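Every read-out reported here was derived from the displayed coordinates using simple, explicitly stated rules and does not represent laboratory data. Nothing here was measured: the structure is a model prediction, and the numbers come from that model. Using ideal geometry, Cβ is built from the backbone for each residue, glycine included, and neighbour counts are taken over all protein chains shown.
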Amino acid sequence: MQERPIMNQEDVRRALTRVAHEILERNRGASDLIIVGIQTRGVHLAHRIAACLAEFEGIEVPVATLDVSLYRDDLQARAHSKIQPTDIPMGIQDKRVVLVDDVLYTGRTVRAAMDALIDFGRPRQVQLAILLDRGHRELPIRADYVGQNLPTAIHERVKVRLMETDGTDEVALIIEDDIYENQELPKGLDTDDEVDD
């Protein structure tokens, strides 16, 4: 297995700063915004984006956390998944919600997140902010804000490490051994802490 660095700490900081500026530009400010981080790393990224918005606009944007485990369409295959807390103390009814996650891959996590959000109300609009888009979508889902696009092969994995969970900010491309070079990974092989989909 080989690991190739894609983003370092400064790259991550710049990407999140740019995403925050784009959110403000598209929404003409930060009023009626709620930032919702998808567990686990999306939550930390959501807090960082909210901090940038507060710095630029001078107002605190509420941050909520969302666990999508029970809304996934592969729930039976992920019986070992640990349920993380969902905390949406503010109402999302008629608000502009920005979902935040680390990696966009198949789109299935985002679909699950949208299903989960509806249980908390009907937002005026749902937007998606992603640190890294690696392609290979299985559903018609596209991010509104992307820190970086990274075309990948199906046998490659993306590993996002954040200071809050891993002690460092970096993104790496994991290239599996040659045995998988020309075929799809067996089910379950690409799961570690979190699926990048």
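Loop sites here are GluC sites (Glu not before Pro) outside DSSP states H, G, I, E and B with no more than 10 other Cβ atoms within 10 Å. The longest part of the chain free of them is 1-180. Taking 7 Å steps out from each Cα toward its Cβ at E25 and E57 produces label points 1.6 nm apart. Using the alpha-carbon atoms, what tilt in degrees (0 to 90, nearest 10) does helix 41-57 show relative to the longest principal axis of the chain? Once rounded, one gets 40 degrees. So what's the angle, to the nearest 10 degrees on a 0 to 90 scale, between helix 9-27 and the longest Cα principal axis of the chain? Orientation of helix 9-27: about 40 degrees from the principal axis.
Based on C-alpha pairs under 8 angstrom that are at least 6 apart in sequence, the chain has a relative contact order of 25 percent.
Extension gain for the segment I83 to R137, taken as residue separation times 0.36 nm less the Cα-Cα distance, is 17.0 nm to one decimal. Using only side-chain charges placed at the Cβ, +1 for Lys and Arg and -1 for Asp and Glu, the dipole size of the range 9-154 relative to its Cα centre rounds to 240 debye.
For the range 1-105, how big is the tail of P(r) above 20 Å, as a whole percent of Cα pairs? Please list the in-between numbers first.
Details: 2502 of 5460 pairs.
Cα-Cα pairs of the range 1-105 separated by over 20 Å account for 46 percent.
Positive end of the charge dipole of the range 9-154 (Lys, Arg +1 and Asp, Glu -1 on Cβ, about the Cα centre): tell me which of G91, V68, T106 has its Cα farthest that way. Value computed over the given set: T106.
Checking every one of the trypsin sites (Lys or Arg not before Pro) in the range 1-63 against DSSP loop status and a limit of 12 other Cβ atoms within 10 Å picks out R28. Taken along the Cα-to-beta-carbon direction at a fixed 7 Å, the label points for M163 and E10 span 1.6 nm.
The fraction of all Cα pairs in the chain landing in successive 10 Å bins from 0 to the largest distance is 9, 37, 37, 14, 3, 0, given as whole percents. Look at the dipole of the chain built from charges on Cβ: of G121, Q9, M163, the Cα furthest out on the positive end belongs to G121. Annotation for the range 100-141: trypsin sites (Lys or Arg not before Pro) lying in DSSP loop with at most 15 further Cβ atoms inside 10 Å of their Cβ are R124.
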